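The values are calculated or read from the model by the stated rules, or taken from the named source; none is laboratory data. Worth saying up front: this structure is predicted, and the values here are computed from it rather than measured. Every residue, glycine among them, receives a Cβ derived from its backbone with ideal geometry; neighbour counts consider all protein chains shown.
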2 protein chains.
Amino acid sequence: MDIVLIAIGCGVLAVLYGIVTAAQVLRAPAGDARMQDIAAAIQEGAKAYLGRQYRTIAIVGVIVAIVLWPTLGALSTVGFLIGAVLSGIAGYVGMLISVRANVRTAEAARGSLQGGLTMAFRSGAVTGMLVAGLGLLAIAGIFAYLIGPGGMDLSVEADRRHIVEALTALAFGASLISIFARLGGGIFTKAADVGADLVGKVEAGIPEDDPRNPAVIADNVGDNVGDCAGMAADLFETYVVTLGLTMVSIALLVPAAGNLLQLMALPLIVGGVCIVTSILGTYMVKLGKGGSIMGALYKGFWTTALLAIPAIWLATQMTLGDLSAPIGGAGFLEASTDALTTEGGPLPEAGLSFTGWDLFWCMMIGLAVTGLLVWITEYYTGTNYRPVKSIAKASVTGHGTNVIQGLAISLESTALPTLVIVVAVVAAYQLAGIIGVAFAATALLALAGMVVALDAYGPVTDNAGGIAEMAGLPDDVRGRTDALDAVGNTTKAVTKGYAIGSAALAALVLFGAYTTDLKAFFPELTVDFSLSNPYVIVGLLLGALLPYLFGAFGMTAVGRAAGSVVEDVREQFRSNPGLMAGTSRPDYARTVDIVTRAAIREMIIPSLLPVLAPIAIYFIVTAVAGQAQGFAALGAMLLGVIVSGLFVAISMTSGGGAWDNAKKYIEDGNYGGKGSEAHKAAVTGDTVGDPYKDTAGPAVNPMIKITNIVALLLLAALAGMG
Amino acid sequence: MDIVLIAIGCGVLAVLYGIVTAAQVLRAPAGDARMQDIAAAIQEGAKAYLGRQYRTIAIVGVIVAIVLWPTLGALSTVGFLIGAVLSGIAGYVGMLISVRANVRTAEAARGSLQGGLTMAFRSGAVTGMLVAGLGLLAIAGIFAYLIGPGGMDLSVEADRRHIVEALTALAFGASLISIFARLGGGIFTKAADVGADLVGKVEAGIPEDDPRNPAVIADNVGDNVGDCAGMAADLFETYVVTLGLTMVSIALLVPAAGNLLQLMALPLIVGGVCIVTSILGTYMVKLGKGGSIMGALYKGFWTTALLAIPAIWLATQMTLGDLSAPIGGAGFLEASTDALTTEGGPLPEAGLSFTGWDLFWCMMIGLAVTGLLVWITEYYTGTNYRPVKSIAKASVTGHGTNVIQGLAISLESTALPTLVIVVAVVAAYQLAGIIGVAFAATALLALAGMVVALDAYGPVTDNAGGIAEMAGLPDDVRGRTDALDAVGNTTKAVTKGYAIGSAALAALVLFGAYTTDLKAFFPELTVDFSLSNPYVIVGLLLGALLPYLFGAFGMTAVGRAAGSVVEDVREQFRSNPGLMAGTSRPDYARTVDIVTRAAIREMIIPSLLPVLAPIAIYFIVTAVAGQAQGFAALGAMLLGVIVSGLFVAISMTSGGGAWDNAKKYIEDGNYGGKGSEAHKAAVTGDTVGDPYKDTAGPAVNPMIKITNIVALLLLAALAGMG
């Protein structure tokens, strides 16, 4: 219990860091009246959108809660609500800071590059620490309450079951908010971006972020509600699901372990110590002699990651004591192998017994995966390497070849992450079975505070550039904000690869939880999960379809919403001739309102797809071929969605990042630079990549998780009814 | 045996039809000297390319044969060579007719639309009947030889095993040629097409098929070597694999059936009678009152499909006798269930016993799938429906939105085919287990003669249009060839959806063969194919990666080869100023030669990927975790490649077809017509769709099959060595 309290202390520390740093950011000078004027418009738009988005989500949330209460009980309903509300808070507060830091970053960039960097990164760090801190507080808090004042006893099966249900419901709440926030925010930001570019850059021939463009404020609002708030909700969900699920797996798979409490507390304390290393890391973000911004951000990241090694060792040591002693008491082996093989088939040789050292090495694997994913993402989206350069080169021969090469890179970019994940799964599994894989995922996610900080830095610098442009700040200031913004593309791509990578690692763990639950709830049912069962194939195929269908909805939604923006902007230019001359001001709020309504409308159907699909497949297959096959098809769907979703998500996010930076590479003066034919082709590629990388691709991550969690809840609900 | 001989007779009939129809085509007038001149250049280029391609493939084939002989024996080596040689002949002869029919179609179109249609379709029918006829002759011939003069006895297990090996090797030969031919031809045709468009239309501003463009002959050659010869090799492979595999499954899964010979002969005779209905269908291709070309082609298709219903009933009746009697003697149930459940888990309730009627209904399901896939493909790629219209509409707002909408449609287009396939798998499985699924796939493929005829019609009309343009035929003739060409986009997309759909149906059958072989060769080994085995997840993920990597290679290859074309054409324009003026003739052959070398070079590595990947995963996983897990990972890879490949292939082929026809829809006068900004955006989409639909997408089908067959051969080789 002490360990859990220490973890809670770390969570509180993260929130305190957030409050202190937010205060520092808010104390900084906010620029002249023109800048504040623009920033106010962005703030107002972002608040208006998020307010409406969360009100809509709240309606869905209340309906879900009303369904949950009678089917799964009060505890699960409360867990669901806590997850939902905290996810909303993480996103909303992140946005609140972000829309204030943008103008302050522009102002600080007047002074120096380091000033702008510090301001933007600190604001990102607030969001990052809130995500990790609130996530940790939620899980550790619920756990501490249940085993403390709640009077639950880990050695009693019914009590363990309650803890599992509460943690699963918490994850469900976080996931449900996150899919709406990711998708709604993603549609908003890209509809505004694409719409603004289409009429502004292409038709009217005015530069990006030109204040004469009525969609320019909507574009800047989008950065905050999509790339900041949406991303924060997504990573909050990933954090809660991964850590929570590791605990759930321990409770389900090794219930007879003698030190069960310590084992379940280990993910919490690992999350806790990594918050401390993340905080230390944030102070290392300083420009070196070379003045490389990416280098400065990497200094922070690598400090966090390297300090995490001894910190995790210490945490493991402190929690488990002798790291060489086998974990688990009598009955552990039986319970574990039972859960691992539902078929009565052979026992996998690995993973049946493990020590503290094994878990430590699994967590090191998780850290290594983080480092490798960061490196691979930079390779595929950075301007210094072959992929981006090849897209830039292909732009010389036109729009078509730019897109062909971009698609080729997006397909190719799936290979290395898949190999890294496959090797990690095998290695962790050899060390400690499914529990080992879960701990690898936990260590991966433990760095979330720092990773989110890097990501949330992006929209702030993007906005700062826009404000500098609109407020007519001097060219050297604009140069600095552009430099800060350029690395944002890579850091944003990194987070998405990181989130989807963790989903792939979590897939096996989630499936393990599903099969174990199935055995617990329906002991008399024998379910055949073998690949030779045709209902397994059916489940795999339908699961694999979900990311495609979801991607299609997302892309179409952006196209349609961008169309409304184009029409509105054209109308404003037509009815207000003073606009182009710069003598009258466009009605920014009207455009923001149009995008808001479009994004909210478009997010609902696709978000319900992963909630309803598992329920539908279960009931349909059960009606056709009986309950055992219904469960087999449902289980296979859970893996089908990750097997296909991993590739869809990585190809979209890496490909989109590469297209974006290929444009930037040309703008840096290569292949004719700005205004050349190659540049026009690169702008097309960037436009295509926008919904790929910021709408459809990243939303696949919460989609995968929600499908899995709905399946777990469905099992519990069916068991309760049966 | 009589039944097998009747099937052979039908195969001979198809070849005779091909010879007679080819003679009719060749007797038709071949136009004026200018037309013949152009046609000769195309013929020369196509022969030169295919000659080099087959020489290169022959080297690979001989190396493979040398490896096969000691590992799998003489019979398999001979089977492999027969499959390889016949596949090559089907493609080569198809090309020979196609390059002669193009100019005759242009000449016939001088007279009337019906004249041009008849000429183009007849030439396509030659290829179609050769594919089906040679395919049937190969399988039925080998089978007849083995059970006749070869003295094999179906009731002896060792003899059954020899038959299985010979049929598998035959399929391997066809598959290996097909992947090279599909990919090499696909790279050639799209590199020439994209390259010609980029310099011609975009840079020089001259229309498509302008004789001043040095790449124009290469473009026309590409239609013949890619869309005709490559496609023919692909469908030959699909035909042989599907029918052969159905026979293999019967031999493996129900070896104790009393009427085993009849049962194994049934796929052959079904193929045979459908050749007859296909021939009858070809005579129904006539323009109606409305003058709809698609309607005329559909008349042929629907005649074939509807006549197939009584024909299949008759064939089943004739072969099996009493359709209500349960099939199989004593021991059938045991053998079947044994094979179906390798886990010792529960027995699926369905598929344990079936009658002739069950098989008949399974084949009806196969026919229904064909009809539905045709309809769905037309919906997604036809100019009359929402998808194509939505892409055309999105072109108005620019290149970017065209591509976004095209990608959205390509993602969406996977949904309905997947649902159709899933329902078909479930229904066929409920009726007659895996054997039922195999028969559904057989009936699907039995219509291949007609489907290939429709497809091979496409390149002929495409070329006819090019020749009409280059030879300066009157506008009304060009109008007729354009009308004939427009429907070619849809018929070409139909075949690709059809081929990949059959691959999905075959997946379960192939996996069944794999598990049964595994049990036969390694009876002491218990392999866990359950989804809770992490090596199964690893296999699924790595299998799912293959189509992505393969797609990336294909797209990059087209981009790179098109780049060489662009450079060559630019150089020709530069060094020969008389070109643009039309006073001197470009060096067509030089461009053809450049594309030839590029395509051959680029096809090798990606084609080896699916051959080597299964071998690599088996040996690596075996080294890490033992042989049982090696086989589990390999088996999972086979399903991973179809679970992901189905979506990659459908999205690419449907999306590409939709982009192409969106351009045509605009050229028909919508959204500003030719030359408008919308048209330029649509040309970009078409360029992107080209390698999607004609290079990367269709090659996924043979890739899936070859991965599976290599796995089967690997098993046999390991068993032989062990």
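Summary table below
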{"quantity": "Subset of segment B:473-494 (residues that are surrounded by 24 or more Cβ atoms within 10 Å (Cβ to Cβ) and basic (K, R))", "calculated": "B:R480, B:K492"}
{"quantity": "Set B:L612, B:L579: member being in a helix (DSSP H, G or I), at pLDDT below 90 and more than 9 Å from chain A (Cβ to nearest Cβ)", "calculated": "B:L579"}
{"quantity": "Out of A:D153, A:D159, sole residue that is surrounded by fewer than 24 Cβ atoms within 10 Å (Cβ to Cβ) and in a helix (DSSP H, G or I)", "calculated": "A:D159"}
{"quantity": "Selection status of B:T341, buried (at least 24 other Cβ atoms within 10 Å of the Cβ), modelled with pLDDT under 95 and within 12 Å of chain A (Cβ to nearest Cβ)", "calculated": "no"}
{"quantity": "Residue in segment B:278-290 that is without any contact (Cβ under 8 Å) to a residue 12 or more places away in the chain, small (G, A, S) and surrounded by fewer than 24 Cβ atoms within 10 Å (Cβ to Cβ) present", "calculated": "yes"}
{"quantity": "Sole exception among (1) touching a Leu at 6+ places or on another chain (Cβ under 8 Å); (2) assigned to a helix (DSSP H, G or I); (3) at the interface with chain A (Cβ under 7 Å from one of its Cβ atoms) for B:Y514, by number", "calculated": "(3)"}
{"quantity": "Selection count, segment B:201-220, where residues are within 14 Å of chain A (Cβ to nearest Cβ) and surrounded by 24 or more Cβ atoms within 10 Å (Cβ to Cβ)", "calculated": "1"}
{"quantity": "Residue match in segment A:673-682 (condition: of a type outside the set (G, A, S) and buried (at least 24 other Cβ atoms within 10 Å of the Cβ))", "calculated": "no"}
{"quantity": "Residues being assigned to a helix (DSSP H, G or I) and either touching a residue at least 24 places away in the same chain (Cβ under 8 Å) or more than 7 Å from chain A (Cβ to nearest Cβ) (or both) - total across segment B:517-551", "calculated": "22"}
{"quantity": "2 or more residues crowded, with 24+ Cβ neighbours inside 10 Å, within 9 Å of chain B (Cβ to nearest Cβ) and not β-branched (V, I, T): qualifying helices (runs of 4 or more DSSP H) within segment A:388-472", "calculated": "A:399-412, A:415-446"}
{"quantity": "From A:V643, A:V595, A:V683, A:V648, residue being within 14 Å of another protein chain (Cβ to nearest Cβ) and more than 30 Å from A:V509 (Cβ to Cβ)", "calculated": "A:V683"}
{"quantity": "Residue in segment A:372-382 that is away from every other protein chain (no Cβ under 14 Å) and not in a helix (DSSP H, G or I) present", "calculated": "yes"}
{"quantity": "All positions within segment B:664-692 that are assigned to a helix (DSSP H, G or I), under 20 Å from B:M294 (Cα atoms) and touching a residue at least 24 places away in the same chain (Cβ under 8 Å)", "calculated": "B:K664, B:Y665, B:I666"}
{"quantity": "Members of segment A:621-640 that are at the interface with another protein chain (Cβ under 10 Å from one of its Cβ atoms) and free of Cβ contacts under 8 Å to residues at least 12 places away in the same chain", "calculated": "A:V624, A:G626"}
{"quantity": "Residues of segment A:385-426 classified as among the polar types (S, T, N, Q) and at pLDDT below 90, total", "calculated": "1"}
{"quantity": "Conditions (1) more than 9 Å from chain B (Cβ to nearest Cβ); (2) in contact with a helix residue (DSSP H, G or I) (Cβ under 8 Å, 6 or more places away or on another chain); (3) among the charged types (D, E, K, R); number of the one not met by A:D668", "calculated": "(2)"}
{"quantity": "Enumeration of residues in segment A:169-227 that are farther than 16 Å from A:G697 by Cα and of a type in the set (F, W, Y)", "calculated": "A:F172"}
{"quantity": "B:R52 vs. criteria part of a helix (DSSP H, G or I) and under 26 Å from the mean Cα position of the chain (by Cα)", "calculated": "yes"}
{"quantity": "Qualifying positions in segment B:101-111 - in contact (Cβ under 8 Å) with a residue 24 or more places away in the chain and either buried (at least 21 other Cβ atoms within 10 Å of the Cβ) or small (G, A, S) (or both)", "calculated": "B:A101, B:N102, B:V103, B:R104, B:T105, B:A106, B:E107, B:A108, B:A109"}
{"quantity": "Cross-chain or 6+ apart pairs with Cβ under 9 Å, segment A:65-86 first and at negative phi, then acidic (D, E) and part of a helix (DSSP H, G or I)", "calculated": "A:L72/A:E165; A:L75/A:E165; A:S76/A:E165; A:G79/A:E165; A:G83/A:E237"}
{"quantity": "Count of residues meeting criterion [free of Cβ contacts under 8 Å to residues at least 40 places away in the same chain and under 15 Å from the mean Cα position of the chain (by Cα)] in segment A:462-507", "calculated": "0"}
{"quantity": "Test: residue in segment A:137-144 that is surrounded by fewer than 24 Cβ atoms within 10 Å (Cβ to Cβ) and free of Cβ contacts under 8 Å to residues at least 40 places away in the same chain", "calculated": "no"}
{"quantity": "Test: B:F573 is touching a residue at least 24 places away in the same chain (Cβ under 8 Å), of a type outside the set (S, T, N, Q), under 30 Å from B:V164 (Cα atoms) and away from every other protein chain (no Cβ under 14 Å)", "calculated": "no"}
{"quantity": "Where B:L81 falls short, out of the listed (1) of a type in the set (A, V, I, L, M, F, W, C); (2) at pLDDT 95 or above; (3) buried (at least 24 other Cβ atoms within 10 Å of the Cβ)", "calculated": "(3)"}
